[in-house]
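Input: a single structure, listed below in structure tokens.
The values are calculated or read from the model by the stated rules, or taken from the named source; none is laboratory data. Model, not experiment: these values are computed from the prediction. Glycine also receives a Cβ, built like all others from the backbone with ideal geometry; neighbour counts cover every protein chain displayed. Areas reflect the complete protein model, heavy atoms only, side chains present, ligands, DNA and RNA absent. Shrake-Rupley method; radii C 1.70, N 1.55, O 1.52, S 1.80 Å.
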Amino acid sequence: MDVREAYLKFFESKNHARVASAPLVPDDATLLFNNAGMVPFKSIFTGEVPVPENPRATSCQTCVRAGGKHNDLENVGHTARHHTFFEMLGNFSFGDYFKEEAIAYSWEFVTEVLELPVEKLWVTVHESDDEAEAIWKKYIAADRIMRLGDKDNFWQMGDTGPCGPCSEIFVDQGAENFNGPEDYMGGDGDRFLEIWNLVFMQYERNAKGELKPLPKPSIDTGMGLERVVAVKEGVFSNYDSSLFMPIINRVAELIGKPYAYQGGASYRVIADHIRTVTFLLSQGTNFSNEGRGYVLRRILRRAVRHGYLLGFTKPFMHEVVDTVVSQMGGAYSYLSEKADAVKEQIMLEEERFFKTIASGIELFNEALKESEEVFSGEVAFKLYDTFGFPLDLTEDMLREKGMGIDTATFERLMREQRERAKAAWKGSGDAHVEGDFKLLLEKFGENSFVGYDTLYGDAKVLALLSDDFAVVDTLHAEHTGWVLLDRTPFYAESGGQVGDTGWLLEKAEVLDTKKFHGLNLSRIRVKETLNLHEQVGAQVDTRRYEIAKHHSATHLLHAALYDVLGEHISQAGSLVEPGRLRFDFSHPKAMTAEEIREVEEQVNLVVMRNIRRQTNEMAIDDAKACGAKAQFGEKYGDTVRVVAFGDASVELCGGVHVEDTASIGTFIITKESGVSAGVRRIEAVCGNAAYNLFKQQRHTMEQAEEAVKNRDLLAGIDRLKDQVKTLKEELQEAQNAAKESLDVATIGGVSVVVEEIKSGDVKTRIDELKNAHGRVAAMLFQVKGDKVMIAAGVKEAPLKAGDWIKEIAPILGGGGGGRPDFAQAGGKDPLKLDEALEASLAFVKGALES
């Protein structure tokens with residue numbers, strides 16, 4: 001049974017709008033990841049935006065809990081139901097139906113669609129919710145309804161805001177399977193499994209903690225897909241279900257060891273984590289050392305560590321991706337589209353970490369030598385924090401040595417790290433904006449953008465807002481704020497393109513333009529008092545022409561990268577400004593100079609073809625069918641705007657563009673670099689910025705020509721190189737003529753030299769001595785200012801240069817070392833040079849005469 005599709009179809013039959021899963025990276029700046037089914041609807045529940053036309057919705061939301069307040073990472077693999085990635089089925093009512101219908105729908109789905117035995121079902125309600133209990137009694141016996149308190153059956157979004165009692169549906173998995181002391185209804189055991197939570201959002205909690213009834217109560221429900229599938233298949237762990245076993249079996253196949261539930265936690269960790277990593281990478285999150293990218297890296301490395309415990313010594317996670325895609329690609333088509341790029345990114349990250357594991361073992365072995373009965377908690381923490389070793393891996397390695405570990409110190413350092421991480425996390429880095437947006441949307445709806453083909457428009461001031469987005473009637477001279485125009489030519493920052501600037505003629509300077517909940521708002525600095533309902537002339541700054549050139553060039557660059565590097569290329573971010581563009585894309589390694597030249601040339605060839613731009617609006621499925629490239633995470637409606645330059649580039653895009661490719665002018669790549677593992681970045685210029693770059697480079701070349709005194713710059717450089725070569729040869733001849741002769745003694749058949757030299761290079765003189773003698777031991781000293789350079793060389797003699805120099809360098813207040821045949825050191829006390837010379841000669845005599 002396809003539980004996911006059955007759920008969505010059921011609620012569609014109840015007039016719910018099917019809503020696609022939102023990206024794992026949420027619009028909510030306070031969250032690391034979407035961690036619940038209701039998160040994409042949060043602004044509706046909180047009243048920030050109006051209720052949609054259809055006040056009923058249903059979704060299957062992909063979720064990640066692996067950081068921040070909601071973090072299940074450490075429990076994964078060790079319990080039957082903890083996951084970092086999971087799918088949450090939900091149905092939602094935004095002020096439409098309430099408890100009666102919500103309970104009826106849930107009962108119908110559980111008993112008639114899932115066909116779970118009625119005698120196995122139990123229900124809980126909040127201890128104060130007489131209404132919910134009365135409704136439930138229509139469907140289930142009273143003795144199967146249990147009242148619980150706030151801890152179990154009251155939900156709230158935060159300290160203030162919407163909240164309410166909830167009701168949960170449980171399945172009895174049988175006393176014959178679970179009979180521990182906590183296996184009773186309401187206990188913490190696994191016998192009674194909660195599968196569905198119905199939240200009755202009927203109150204608003206104010207700052208004083210008081211509950212006020214909402215005028216239009218809402219419904220938010222959540223049913224974990226993984227739990228329901230396990231129940232339907234009659235297994236007692238989510239990991240034993242058909243959602244996970246194919247992945248676990250693939251891991252067992254790769255390692256060549258059969259899986260058993262007992263002792264199989266590492267298999268389960270890998271199965272869970274590969275789903276998380278595959279989804280996050282497919283959706284555009286990349287490995288990095290901060291924020292979401294760091295959480296992604298930690299999840300992958302945790303899985304690799306568990307693979308190491310199983311016996312993997314080389315990358316393996318990338319070989320499991322295809323199994324995830326075959327399991328889930330039908331519901332999430334982008335998994336198939338991104339599979340090759342995802343596998344490459346994972347393999348690169350694995351290769352790096354397997355090298356780290358080896359370094360960690362080296363640190364472990366060094367620390368082990370200095371341990372007696374208890375292994376250092378500080379070293380254990382460093383193994384965890386720097387090299388990614390879990391404590392249980394370190395404990396397993398110590399167990400073989402019969403040694404314990406200082407867990408108190410380890411735990412203290414872990415607590416300190418958690419506090420630092422908690423203090424450092426400030427959300428996504430974007431400001432969480434609150435304001436009177438709902439009021440404006442209900443009164444005016446979304447305003448119109450009319451600036452695709454013009455930089456000017458007459459407009460009416462619909463609303464004025466202060467800097468903190470509160471509606472005001474007037475903005476006075478010299479003040480800043482925001483303006484909502486009925487028809488605006490100012491483009492709001494989106495899709496990598498910066499927001500427009502310009503003027504409200506004679507009234508205000510437009511500093512920036514952004515979009516908030518669909519409202520296109522311009523930030524202004526007022527010159528002359530601005531009032532509601534005024535008619536204004538809206539003039540966009542002509543820098544827009546340069547922005548359009550760089551935006552169109554970005555599209556051509558994307559297409560060229562796809563052609564030159566391969567179909568795995570996908571956009572990972574962009575920035576379009578009037579003076580430059582930046583384009584991030586998935587690719588496992590640095591581009592070669594030839595690839596960069598080829599991409600740049602292809603873009604310029606398209607520019608010179610003077611291809612006219614074609615812009616069409618069409619259904620999103622039709623757009624994708626015609627090959628239009630889309631960026632994951634961008635919000636597209638049912639109808640989308642497609643920007644095409646002939647067959648050279650076709651993309652979904654709401655930005656501004658040139659009329660034809662010739663308007664772009666010259667396109668120049670200025671830099672190619674790495675952003676993170678598997679993600680590269682190209683920076684480029686075109687149009688006026690390219691001309692300015694040319695002028696700058698021409699000026700630099702003229703200066704260089706003047707410096708080398710030759711209009712042919714390469715010929716001038718060659719002449720200088722010849723001069724330098726001649727001077728070096730003359731210098732070498734002069735040094736050879738002035739070279740000091742060295743006294744060579746013979747001790748035990750070995751040529752011995754221990755001397756101070758005034759000039760030349762000590763290492764070079766050592767090499768010369770080794771080349772001139774069959775058996776030699778030499779140590780040379782050279783004073784340079786208040787420092788002493790020391791070098792020792794040994795050839796076919798019974799002593800080691802490294803030991804020799806370690807013996808002598810401390811006399812001069814220094815240290816050093818090296819190989820048996822060559823070593824060098826530095827000293828800080830030239831006054832003790834004579835003592836060092838004597839000691840050096842005594843050391844070599846002792847070694848050769850013994």
Being touching a residue at least 12 places away in the same chain (Cβ under 8 Å) and either open to solvent by 10 Å² or more (accessible area, probe 1.4 Å) or in contact with a strand residue (DSSP E or B) (Cβ under 8 Å, 6 or more places away or on another chain) (or both) is true for just one of Ala141, Ala175. Which residue is that? Ala175
Residue, farthest from Gln539 (Cα to Cα), within the stretch 468-498, restricted to residues that are in a loop (DSSP other than H, G, I, E, B) and either in contact with a strand residue (DSSP E or B) (Cβ under 6 Å, 6 or more places away or on another chain) or without any contact (Cβ under 8 Å) to a residue 12 or more places away in the chain (or both): Gly496
I need the full set of residues from the stretch 651-684 which are in contact with a Phe, Trp or Tyr (Cβ under 8 Å, 6 or more places away or on another chain) and more than 21 Å from Val607 (Cα to Cα), in order please. Ser676, Ala677, Gly678, Val679, Arg680, Arg681
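Looking at Ala303, is it out of contact with any Gly (no Cβ under 8 Å at 6 or more places or on another chain), in contact (Cβ under 8 Å) with a residue 12 or more places away in the chain and more than 28 Å from Ser59 (Cα to Cα)?
yes
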Can you confirm whether the stretch 601-624 contains a residue that is buried (at least 21 other Cβ atoms within 10 Å of the Cβ) and over 27 Å from Glu337 (Cα atoms)? yes
Inspect all residues belonging to the stretch 811-832 and state whether any of them is among the β-branched types (Val, Ile, Thr) and within 24 Å of Gly748 (Cα to Cα). no
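Is it the case, given these coordinates, that Leu116 is surrounded by fewer than 21 Cβ atoms within 10 Å (Cβ to Cβ) and touching a Ser or Thr at 6+ places or on another chain (Cβ under 8 Å)?
no
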The lone exception for Glu528 - which of (1) of a type in the set (D, E, K, R); (2) under 22 Å from Gly496 (Cα atoms); (3) in contact (Cβ under 8 Å) with a residue 24 or more places away in the chain it fails: (2)
Can you tell me how many residues within the stretch 637-653 are buried (at least 19 other Cβ atoms within 10 Å of the Cβ) and not hydrophobic (A, V, I, L, M, F, W, C)? 2
Every residue in the stretch 499-541 that is among the β-branched types (Val, Ile, Thr), modelled with pLDDT of 95 or more and either in a loop (DSSP other than H, G, I, E, B) or open to solvent by 50 Å² or more (accessible area, probe 1.4 Å) (or both), please. Thr501
In the stretch 232-271, what residues are in contact with a Ser or Thr (Cβ under 6 Å, 6 or more places away or on another chain) and of a type in the set (D, E, K, R)? Glu233, Arg250
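Could you list all residues from the stretch 119-128 that are touching a helix residue (DSSP H, G or I) at 6+ places or on another chain (Cβ under 8 Å) and over 15 Å from Trp196 (Cβ atoms)?
Within the stretch 119-128, His126, Glu127 qualify.
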Every residue in the stretch 247-280 that is assigned to a helix (DSSP H, G or I), hydroxyl-bearing (Ser, Thr, Tyr) and more than 22 Å from Arg352 (Cβ to Cβ), please. Tyr267
Wholly inside the stretch 702-795, strands (runs of 3 or more DSSP E) that include 1 or more residues that are exposed (fewer than 13 other Cβ atoms within 10 Å of the Cβ) and among the β-branched types (Val, Ile, Thr) are 745-747
Those residues that are in contact with a strand residue (DSSP E or B) (Cβ under 8 Å, 6 or more places away or on another chain) and open to solvent by less than 30 Å² (accessible area, probe 1.4 Å), I need them from the stretch 185-201; list them, please. Met185, Phe192, Leu193, Ile195, Trp196, Leu198, Val199, Phe200, Met201
Within the stretch 341-360, how many residues turn out to be in contact with a Leu (Cβ under 9 Å, 6 or more places away or on another chain) and over 30 Å from Leu565 (Cα atoms)? 1
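Mind telling me which of the residues Lys212, Lys232 ends up being open to solvent by 70 Å² or more (accessible area, probe 1.4 Å) and within 23 Å of Asn91 (Cβ to Cβ)?
Answer to the selection: Lys232.
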For Gly665, only one of the following conditions fails: (1) closer than 27 Å to Gly293 by Cβ; (2) open to solvent by 20 Å² or more (accessible area, probe 1.4 Å); (3) touching a strand residue (DSSP E or B) at 6+ places or on another chain (Cβ under 7 Å). What is its number? (1)
Tell me, please, whether a residue that is part of a loop (DSSP other than H, G, I, E, B) and among the hydroxyl-bearing types (Ser, Thr, Tyr) can be found in the stretch 20-29. yes
Check Ala572 against each of (1) at pLDDT 90 or above; (2) part of a strand (DSSP E or B); (3) open to solvent by 30 Å² or more (accessible area, probe 1.4 Å) and name the one condition it does not meet. (1)
Where in the stretch 113-160 are there strands (runs of 3 or more DSSP E), lying fully within it, with 3 or more residues that are closer than 20 Å to Gly187 by Cβ? 121-126, 145-148
Looking at the stretch 607-632, which of its residues are in contact (Cβ under 8 Å) with a residue 40 or more places away in the chain and among the basic types (Lys, Arg)? Arg609, Arg612, Arg613, Lys629
How about the stretch 352-370: which of its residues are open to solvent by 20 Å² or more (accessible area, probe 1.4 Å) and not acidic (Asp, Glu)? Arg352, Phe354, Lys355, Thr356, Ala358, Ser359, Ile361, Leu363, Asn365, Leu368, Lys369
The stretch 806-850, subset among the basic types (Lys, Arg) and under 24 Å from Glu768 (Cα atoms), residue surrounded by the fewest Cβ atoms within 10 Å (Cβ to Cβ): Arg819
Quick one: in the stretch 65-110, which of the residues that are open to solvent by less than 10 Å² (accessible area, probe 1.4 Å), hydrophobic (A, V, I, L, M, F, W, C) and modelled with pLDDT under 90 is nearest to Leu24 (Cα to Cα)? Ala66
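Suppose the filter is more than 42 Å from the chain's Cα centre (by Cα) and closer than 27 Å to Ile44 by Cα; does Glu131 pass it?
Against the criterion (more than 42 Å from the chain's Cα centre (by Cα) and closer than 27 Å to Ile44 by Cα), Glu131 qualifies.
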For the stretch 377-386: of the residues being open to solvent by 40 Å² or more (accessible area, probe 1.4 Å) and at pLDDT below 90, which is farthest from Glu411 (Cα to Cα)? Thr386
Taking Glu319 as the residue in question, decide whether it is surrounded by fewer than 19 Cβ atoms within 10 Å (Cβ to Cβ), part of a helix (DSSP H, G or I) and at pLDDT below 90. no
For the stretch 281-316, name all the residues that are hydroxyl-bearing (Ser, Thr, Tyr), in a helix (DSSP H, G or I) and open to solvent by 20 Å² or more (accessible area, probe 1.4 Å). Tyr294, Tyr308
